[in-house]
Amino acid sequence: MLLVFNIFYNLSKILFRHNSLLFCNKYARFVCTNLDFMHKIVVLFLFVFCSCNITNNLPTQKLTICPSDGDCTVTILEHKTMVLITNADNSTSYTLHDDSTHTVIRYEFKKNMNQAATDGSYKETLVFEINNNTSQTLENGDLQKTKMLFGRYCFCRGQIGLFKVNKGKLEWHKENKKLNFHLNFSINEVPQIITVIEY
């Protein structure tokens, strides 16, 4: 990242100095006497702006192992951890915080439906976190060591929301910095379509 910044800084310095000289001869003596300072401010602003845009482009991948009537994707959020929240109505939600020791995995199944219909959307999600430095197998109640949550979103009164997963088996490992995991699970609280996820 530092090398990219230095290259960008030196190239832009040449262009900035030339254009600023043309500008200051006409409009502002301040620019002429403070070229280096002005250049650093502009470069820093552009660099931060570009970095923010890059960070927001999450590495989402479409999965081939998926029900034929929908699309499945996995998003890997490195250096993040989940913080679970119990709301006033006893429902569960979560937020993401920075954490260099964990990775959050977010899976989504979106069913192909008639979007014009009143009940024209159906989605299931699964989110959990893993430790970056371990390969592990967890079963049943131990799945909550990953803070695993299953989500169901549809026009299904009383059968939507996020639910803790306590039944199933998760295996994951890293090979050559590539993450692989296999999960089978079940939920009692609501119906589900997805029971197996492989990545």
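The values are calculated or read from the model by the stated rules, or taken from the named source; none is laboratory data. Note that the structure is predicted; figures quoted are calculated from it, not measured. Virtual Cβ from ideal backbone geometry, glycine too; neighbours counted across all protein chains shown. Keep in mind that these areas ignore ligands, DNA and RNA; they rest on the heavy atoms of the full protein, side chains included. Shrake-Rupley method; radii C 1.70, N 1.55, O 1.52, S 1.80 Å.
When we screen T146, T95, T118 for residues that are modelled with pLDDT under 95, over 21 Å from K62 (Cβ atoms) and out of contact with any Ser or Thr (no Cβ under 7 Å at 6 or more places or on another chain), the only hit is T118.
When K110, K123 are checked against the criterion of being closer than 14 Å to Y153 by Cα, open to solvent by 90 Å² or more (accessible area, probe 1.4 Å) and in a strand (DSSP E or B), K110 stands alone in meeting it.
A Cβ distance below 7 Å, combined with a sequence gap of six or more or placement on separate chains, defines the contacts here; from the stretch 52-81, residues that are more than 19 Å from K178 (Cα to Cα) and at pLDDT below 90 reach no residue that is of a type in the set (D, E, K, R) and open to solvent by less than 60 Å² (accessible area, probe 1.4 Å). Just one of (1) in contact (Cβ under 8 Å) with a residue 40 or more places away in the chain; (2) surrounded by fewer than 14 Cβ atoms within 10 Å (Cβ to Cβ) fails for T137. It is (1).
Scanning the stretch 172-189 for residues that are among the β-branched types (V, I, T) and either touching a residue at least 40 places away in the same chain (Cβ under 8 Å) or on the phi > 0 side of the Ramachandran plot (or both) yields a count of 0. How many residues are touching a residue at least 40 places away in the same chain (Cβ under 8 Å) and among the small types (G, A, S) when one looks only at the stretch 141-171? Total meeting the criteria: 1. Within the stretch 68-78, the set of residues being over 10 Å from the mean Cα position of the chain (by Cα) and surrounded by 13 or more Cβ atoms within 10 Å (Cβ to Cβ) comprises G70, D71, C72, T73.
Yes/no per residue for (1) assigned to a loop (DSSP other than H, G, I, E, B); (2) small (G, A, S); (3) in contact with a Leu (Cβ under 8 Å, 6 or more places away or on another chain):
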residue: C156; (1), (2), (3): yes, no, no
residue: K169; (1), (2), (3): no, no, yes
residue: K174; (1), (2), (3): no, no, no
residue: F181; (1), (2), (3): no, no, yes
residue: N184; (1), (2), (3): no, no, no
residue: E189; (1), (2), (3): yes, no, no
residue: I194; (1), (2), (3): yes, no, yes
residue: I197; (1), (2), (3): no, no, yes
